[in-house]
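Please treat every number below as a calculation from the coordinates, not as lab data. These figures come from a predicted structure and were not determined experimentally. Positions of Cβ are backbone-derived with ideal geometry, glycine not excepted, and every protein chain shown enters the neighbour counts.
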């Protein structure tokens, strides 16, 4: 392998691939990145056996070839270099790196020892705008369960319909759903009617990579694996591919939990509600409990918290109210988590008594809903 590559482009690719590299003691080959030179590109590949990544960097290839190099060493070294052209040449599993003012050798490994990243046949796919999809994932992914005894709710659920895709996650105490409209032509996709569960790790990588990335995202699907492919407008060559296994099992019918009506509703300024909750949290005690009391006749909501060790706090937030008077206890952390992922200036807080599910909804945006269960009265 022999090639010339710009440090800036290589460093960017290493930043993406290094995050996927496993810190494995039992399989040390996973601590490496596979470098493959072919055509006009240097391909960087890494895997932890659950997810894999391929990243293409434009390069001047003089000789095609492959080598496996320790990820941390290579990324740290390239990151320390000034912006310039860098020469790579592999000889007997040693990578020779040259620049204007340095010569470096890094010991590598036989590329045949590197695990094969599964290839997904690139036939049927669904194409989306990457930023809205990844931003939608960011609004729901934090609520998936961390308990692996129920793997089906440890991931993020995707359901493809004729002209939309629904994203959802739950840990049994709260639930979030985001609905994204698909572009014209998507209704012809074979994805229609399919659903799947994504592991949290691949979702986090998608959010890191794609939330600010303009361009198209292609999704390829098999019965047990999925591939996300990012492309730039300038090239027909993929820039990045993420491959992941899917979580097996049936996702619970969460739609049954979403209340179709409410007993009490208050529409509040989101920022004020958030600030009052943060203040109340200082006095909430060990179980993070805050009590909210809504009195429609007064057009306000009272937020109360107390701790036997610290004291107590009571505050009022004005809002537009409907329904009957109610008093309900919630975990303040769960309320704040929901409000943080709502972007609208106003939020609708809908309650169903002391034990029924409550909902937070952005005013003017029907595509998002956050459900939270109250703390039951003892």
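Kindly state, to the nearest 0.05, the FRET efficiency for residue 253 paired with residue 327, given R0 = 30 Å and r defined as their beta-carbon distance. If you can, show how the numbers build up before the last one.
Values: r = 30 Å, r/R0 = 1.01.
The value I calculate is 0.50.
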*asked:* What is the angle, in °, between the Cα long axis of helix 270-281 and the longest principal axis of the Cα atoms in the chain? Nearest 10 is fine, range 0 to 90.
replied: 80
*Helix 7-18 versus the longest principal axis of the chain: what angle, 0 to 90°, nearest 10, using Cα atoms?*
60
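Give me the extension gain from residue 343 to residue 172: residue separation times 0.36 nm, minus the current Cα-Cα distance, reported in nm with one decimal. Please list the in-between numbers first.
Working: separation 171, 0.36 × 171 = 61.56 nm, distance 2.39 nm.
Length gained, residue 343 through residue 172: 59.2 nm.
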*Among 35, 351, 25, whose mean-square fluctuation peaks in a Gaussian network model of the chain (Cα, cutoff 10 Å)?*
25
*For helix 200-210, report the angle its Cα long axis makes with the longest principal axis of the Cα atoms of the chain; keep it between 0 and 90° and round to the nearest 10°.*
70
*asked:* Under the 0.36 nm per residue contour assumption, what length would be gained going from the current alpha-carbon distance of residue 124 and residue 214 to full extension?
replied: 30.2 nm
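How much length would be gained if the chain were fully extended between residue 63 and residue 179, taking 0.36 nm per residue of separation minus their Cα-Cα distance, in nm to one decimal?
Details: separation 116, 0.36 × 116 = 41.76 nm, distance 4.78 nm.
Length gained, residue 63 through residue 179: 37.0 nm.
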*Anisotropy class of the stretch 126-222 from Cα gyration tensor, a/c 1.5 cut*: prolate
*Name the residue, out of 114, 102, 273, whose mean-square fluctuation peaks in a Gaussian network model built on the chain with Cα pairs under 10 Å.*
102
_Just to be sure I understand the model, the point goes 7 Å from the Cα along the line to the Cβ. What's the resulting residue 201 to residue 308 distance in nm?_
4.4
*Under the definition of Cα pairs under 8 Å and six or more residues apart, what whole-number percent is the relative contact order of the chain?*
12
*Over all directions, what mean area does the Cα convex hull of the stretch 220-333 project, stated in square nanometres?*
12.9
*Taking the simple approach of a point 7 Å from Cα along Cα-to-Cβ for both residue 261 and residue 282, what is their distance in nm?*
4.2
*In the set [x] 17; [y] 40; [z] 37, which value of percent of Cα pairs over 37 Å apart was calculated from the structure you see?*
[z]
_Sites residue 148 and residue 94, calculated FRET efficiency, Cβ-Cβ separation with R0 30 Å, nearest 0.05_ = 0.15
*When the chain is treated as a GNM, springs tying every alpha-carbon pair under 10 Å, which of 365, 337, 171 comes out with the largest mean-square fluctuation?*
365
